[in-house]
Structure formats: C-alpha cells, structure tokens
Amino acid sequence: MMFADLVDIDDFRQRLGELGIDLPADGSPESWARQVRAAQPVNGLPRLIAKLCSEGITLQPEVREAIEMILKP
C-alpha cells in the first residue's frame, strides 16, 4: 500500500515561514501568492515548490492554487 504526503494550507504556510515568509492565517491563496511574489527572490523557494509538486505529494486545492499563482509570469 502506498501512502502519499498530504500538504494542507497550514503545512504550506509553515514551510514558507521556514523560508522567512510569514503569511497570515486568515489570508487567501491569492493574498499569499501576492506576498510571496512581492518577497522575491526567496532563497529556497524554487526548491520548495519543486518538492511540493513532485510525485507522491498530494496538495490540497488551496495550496495548488497558491503555487500556480506564485509561478505565473
């Protein structure tokens, strides 16, 4: 049986906090994406996003939405 890692919005906020980006708990994926984009460049962010988007990781829809907005050109 295979178990996938599940990343929820609290995990996502915590991981971004470890990179020095503090996001408010009551924020939306849109507001978090704006904050992360405004903080660029963030050391370790590309590596974190690559890890979160890797095979075997399941992202809650809010997390996927925030990542997609962060990556928009």
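The values are calculated or read from the model by the stated rules, or taken from the named source; none is laboratory data. Values in this document were obtained by computation on a predicted structure and should not be read as measured data. All Cβ positions, glycine included, derive from the backbone under ideal geometry; neighbour counts span all protein chains shown. Side chains are part of the model used for accessible areas, which takes the heavy atoms of the whole protein and leaves out ligands, DNA and RNA. Shrake-Rupley method; radii C 1.70, N 1.55, O 1.52, S 1.80 Å.
Only one of (1) open to solvent by 20 Å² or more (accessible area, probe 1.4 Å); (2) part of a helix (DSSP H, G or I); (3) aliphatic (A, V, I, L, M) fails for residue 66. Which number is that?
Looking at each condition in turn, residue 66 falls short on (1).
Looking only at residues that are of a type in the set (Gly, Ala, Ser) and modelled with pLDDT of 90 or more in region 3-29, which one is least open to solvent (accessible area, probe 1.4 Å)? Please lay out each step first, then the result.
Within region 3-29, the first condition is being of a type in the set (Gly, Ala, Ser), and the residues that meet it are 4, 17, 20, 25, 27-28.
Narrowing further to those that are modelled with pLDDT of 90 or more: 17, 20.
Details: 17: 28, 20: 61 Å².
Only one residue fits best here, namely 17.
Yes/no per residue for (1) part of a loop (DSSP other than H, G, I, E, B); (2) closer than 13 Å to residue 70 by Cα; (3) open to solvent by 80 Å² or more (accessible area, probe 1.4 Å); (4) out of contact with any His (no Cβ under 8 Å at 6 or more places or on another chain):
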{"site": "32", "(1), (2), (3), (4)": "no, yes, no, yes"}
{"site": "36", "(1), (2), (3), (4)": "no, yes, no, yes"}
{"site": "40", "(1), (2), (3), (4)": "yes, yes, yes, yes"}
{"site": "46", "(1), (2), (3), (4)": "no, yes, yes, yes"}
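Identify all residues within region 37-71 that are more than 23 Å from residue 5 (Cα to Cα) and touching a residue at least 12 places away in the same chain (Cβ under 8 Å); write none if there are none.
Narrowing region 37-71 to residues more than 23 Å from residue 5 (Cα to Cα): 37-43.
Once the filter is applied, which keeps residues that are more than 23 Å from residue 5 (Cα to Cα) and touching a residue at least 12 places away in the same chain (Cβ under 8 Å), region 37-71 yields 37, 39, 42, 43.
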